[in-house]
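In what follows, a structure is listed as structure tokens, so that the remarks can point back to it.
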Amino acid sequence: MFVRDAAGESGQKTSNTNLNIQETKIRRSRKADAFLYLAMKKQSEIPRRIPVVSPRDHKPLHAPTRKRQGELAELAFMSKAASLGFGVAKPYGDSERFDFILSWEGRLWCVQVKSTRTAKHGVYEISAHGCWGAHDIYTKDEIDFIVAFVVPENAWYVIPIEATRGRKRLCLHPNVPGRACYKYEQYREAWWLLKSSDNH
């Protein structure tokens with residue numbers, strides 16, 4: 001009888017020990033779950049700040065070559081012009097003096113696209129001549145408009161060829177628009193000129 005009671009007490013102790021271990025594991029598990037929940041809740045309450053990055057902050061790892069920059073500017077021009085409702089056509093090859101032909105309500109314009117990425121004292125410059133040098137100036141018999149894209153400012157200039165007056169280089173001031181002394185600022189985003197019948 002004593003042996004059975006001893007065995008029974010031993011078994012009871014073992015059972016109680018197992019129960020205590022299980023209860024301890026459950027408590028620890030609940031504490032861990034509670035801690036995880038609080039941590040996630042606290043994290044969700046932290047306001048998320050989305051950084052605002054302007055286009056000029058995006059700098060390529062490697063600056064594009066002159067030819068690649070021209071290609072990217074032409075792609076940007078096609079997208080911009082098409083989004084404004086113009087018909088856009090590009091001549092085959094590189095033999096023409098113009099890069100694109102734009103159409104608007106039956107009118108056609110020969111357009112030369114230029115682009116620039118760098119400024120000197122806030123002034124951007126583009127060339128108003130062809131690939132043969134400064135003497136190779138565009139004329140009104142060859143093109144109707146020079147469209148200049150200032151990449152860091154995401155600014156477009158739609159300049160009638162007559163407004164260049166034979167200049168080899170054009171200075172653009174997108175950061176100080178509106179000044180009368182900066183003659184080309186009046187042509188910034190002047191896409192309406194390509195829609196005007198007065199220029200036909």
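The values are calculated or read from the model by the stated rules, or taken from the named source; none is laboratory data. Predicted model only: the values in this text are computed from it and were never measured. Glycine gets a Cβ as well: all are built from the backbone with ideal geometry, and neighbour counts include every protein chain shown.
Can you go through V158, V151 and tell me which one is under 19 Å from K183 (Cα atoms) and of a type outside the set (S, T, N, Q)? So that I can check it myself, show each step before the final result.
On the way: V151 fails: under 19 Å from K183 (Cα atoms).
Step by step, each of V158, V151 is checked, and only V158 is under 19 Å from K183 (Cα atoms) and of a type outside the set (S, T, N, Q).
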Self-check item: Positions within the range 137-168 being acidic (D, E), surrounded by 13 or more Cβ atoms within 10 Å (Cβ to Cβ) and at pLDDT below 95, in sequence order
Solution: E142, E153
Self-check item: Tabulated pairs, the range 83-101, first touching a residue at least 60 places away in the same chain (Cβ under 8 Å), second part of a loop (DSSP other than H, G, I, E, B), C-beta under 7 angstrom, 6+ apart or interchain
Solution: none
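Results for (1) outside any strand (DSSP E or B); (2) more than 22 Å from the chain's Cα centre (by Cα), shown as yes or no for each residue.
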{"residue": "K67", "(1), (2)": "yes, no"}
{"residue": "L72", "(1), (2)": "yes, no"}
{"residue": "S79", "(1), (2)": "yes, no"}
{"residue": "G85", "(1), (2)": "yes, no"}
{"residue": "P91", "(1), (2)": "yes, yes"}
{"residue": "I101", "(1), (2)": "no, yes"}
{"residue": "V111", "(1), (2)": "no, yes"}
{"residue": "I126", "(1), (2)": "no, no"}
Quiz item: Residues in the range 115-149 that are free of Cβ contacts under 8 Å to residues at least 60 places away in the same chain and within 17 Å of P91 (Cβ to Cβ): how many?
Solution: 9
Quiz item: Got a sec? Which of H129, H121 is surrounded by 15 or more Cβ atoms within 10 Å (Cβ to Cβ) and either over 16 Å from F100 (Cα atoms) or modelled with pLDDT under 85 (or both)?
Solution: H129
